[in-house]
1. So, in the stretch 23-51, how many residues would count as being surrounded by fewer than 23 Cβ atoms within 10 Å (Cβ to Cβ), hydrophobic (A, V, I, L, M, F, W, C) and part of a helix (DSSP H, G or I)?
2. Only residues in the stretch 1-27 that are closer than 20 Å to residue 73 by Cα count as the first member; pair them with residues that are open to solvent by 50 Å² or more (accessible area, probe 1.4 Å) and of a type in the set (D, E, K, R), Cβ under 7 angstrom, at least 6 apart or cross-chain, and list the lot.
3. Could you check, for the stretch 60-72, whether at least one of its residues is touching a helix residue (DSSP H, G or I) at 6+ places or on another chain (Cβ under 6 Å) and open to solvent by 50 Å² or more (accessible area, probe 1.4 Å)?
4. Just checking, how many residues over the stretch 8-22 are closer than 12 Å to residue 48 by Cα and open to solvent by 30 Å² or more (accessible area, probe 1.4 Å)?
5. Which residue out of 102, 93, 58 is basic (Lys, Arg) and under 21 Å from residue 1 (Cα atoms)?
6. State which residue is surrounded by the most Cβ atoms within 10 Å (Cβ to Cβ) when the search covers only the stretch 78-118 and only residues that are among the β-branched types (Val, Ile, Thr) and over 17 Å from residue 24 (Cβ atoms).
Amino acid sequence: VAVGVEQATAAAEAGTAQIVICIDECDNKLGTAVLTRMAEVAPEVSVCLVSPSEDKGKTVVVANVVPSHRESLDAREWVQASLAPAGGRGGGKPERAAGQAKNIDSVDACVEAARQFV
């Protein structure tokens, strides 16, 4: 959680609207907790978190889109675009979504796809 808070704080201070971060070994529950804490410290920064888990052999992606970005950015679409290189799927709501792929081989491609989406 601390790494996410650090990155969200830096993004907010720099005036960055969206960030993509990669943190190892986050499942959906922990990823959601990270996004919640990040939203508290940087309420104007939308975040997509990509997390490979070697232990579970999967890649998890969770995204949170802040209210001021919801007209132009949908968390479901961000997650789906991020997981596309790994053949994963996701769902959720326009403001918060999650998904996963059953491999960790395409993590770098998932991160790049998330960045390209925004």
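The values are calculated or read from the model by the stated rules, or taken from the named source; none is laboratory data. Keep in mind the model is a prediction, meaning the values are calculated, not measured. Here the Cβ is made from the backbone with ideal geometry for all residues, glycine too, and neighbour counts use every protein chain on show. Note: areas computed on protein heavy atoms with side chains; ligands, DNA, RNA excluded. Shrake-Rupley method; radii C 1.70, N 1.55, O 1.52, S 1.80 Å.
1. So the count comes out to 4.
2. Filtered contacts from the stretch 1-27: 12/44; 20/115.
3. No: the stretch 60-72 contains no residue that is touching a helix residue (DSSP H, G or I) at 6+ places or on another chain (Cβ under 6 Å) and open to solvent by 50 Å² or more (accessible area, probe 1.4 Å).
4. Step one: filter the stretch 8-22 for residues closer than 12 Å to residue 48 by Cα, giving 8, 17-22.
With the extra rule that they be open to solvent by 30 Å² or more (accessible area, probe 1.4 Å), the set shrinks to 17-18, 22.
Total meeting the criteria: 3.
5. Details: 102 fails: under 21 Å from residue 1 (Cα atoms); 93 fails: under 21 Å from residue 1 (Cα atoms).
Exactly one residue qualifies, and that residue is 58.
6. The first filter runs over the stretch 78-118 and keeps only residues among the β-branched types (Val, Ile, Thr), leaving 79, 104, 107, 111, 118.
Applying the additional criterion that residues be over 17 Å from residue 24 (Cβ atoms) yields 79, 118.
Details: 79: 30, 118: 17.
Filtering the stretch 78-118 for residues that are among the β-branched types (Val, Ile, Thr) and over 17 Å from residue 24 (Cβ atoms), the one surrounded by the most Cβ atoms within 10 Å (Cβ to Cβ) comes out as 79.
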